[in-house]
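None of the figures in this text is laboratory data; all of them are computed from the coordinates on show. Just so we're clear, the structure is a prediction, and the values are computed from it rather than from any experiment. Cβ coordinates were reconstructed from backbone atoms using ideal geometry, including for glycine residues, and neighbour counts include every protein chain displayed.
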Amino acid sequence: MAIAAWVHLEQWALALSARGKDISDLIGPMSDFSVFAAGSLFAIYFLGVSRGDGFLGRIFHTETFRKFHRYVALALMLTTVLFFWTAKLTVIGVGDIAHFLPHMEIAAWLGFAVWSFVCVARVVVIFMIMVNVRLAPPPGKTLGQVH
């Protein structure tokens, strides 16, 4: 993704500026995502590891979770790094992407952000599979019916 961002960054910047926006407008939502994702992953991980009983405790002490915790740790690390990198871009600024180094940094930042999105999505999907979440109600029941 960083390579695609490197190639198409100037076109994206021109398209955004044509709509009256700037690449730095991406920083706010990305910061919100990284804080929310890192906080949520840490909370789920901490609750699961600290409680040996109950629903999360049963899940977190399975062999599946022992393999899964590497994905959680990677996603947590990526979102934390993304937050600090985004904070650095917020404080210092994006700079002029016509120059080589700011262009390279923004391309790398976008690639890293997509990597974070993919890792968090992978954790969410695997967790939903582990807890047996169904997107459709069981046969004979309507959506929202408990019994």
Open item on the list: With θ taken as phi - 60° and the coefficients 6.51, -1.76 and 1.60, list the Karplus ³J(HN,Hα) couplings across the range 28-41 in order, rounded to whole Hz; mark glycine and proline as x.
Closed with: x, x, 5, 5, 4, 4, 5, 5, 5, 5, 5, x, 5, 4
Open item on the list: Need the full-extension length gain, ILE129 to VAL91, defined as separation in residues times 0.36 nm minus the C-alpha distance. One decimal, nm.
Closed with: 9.7 nm
- [ ] Between beta-carbons, use under 15 Å as the cut-off and find the net charge around ILE126, counting Lys and Arg +1, Asp and Glu -1.
- [x] +3
Open item on the list: Please list, in order along the range 82-92, the HN-Hα scalar couplings obtained from phi with the Karplus expression 6.51 cos²θ - 1.76 cosθ + 1.60 (θ = phi - 60°), rounded to whole Hz, x for Gly and Pro.
Closed with: 4, 4, 5, 5, 5, 4, 4, 5, 5, 6, 7
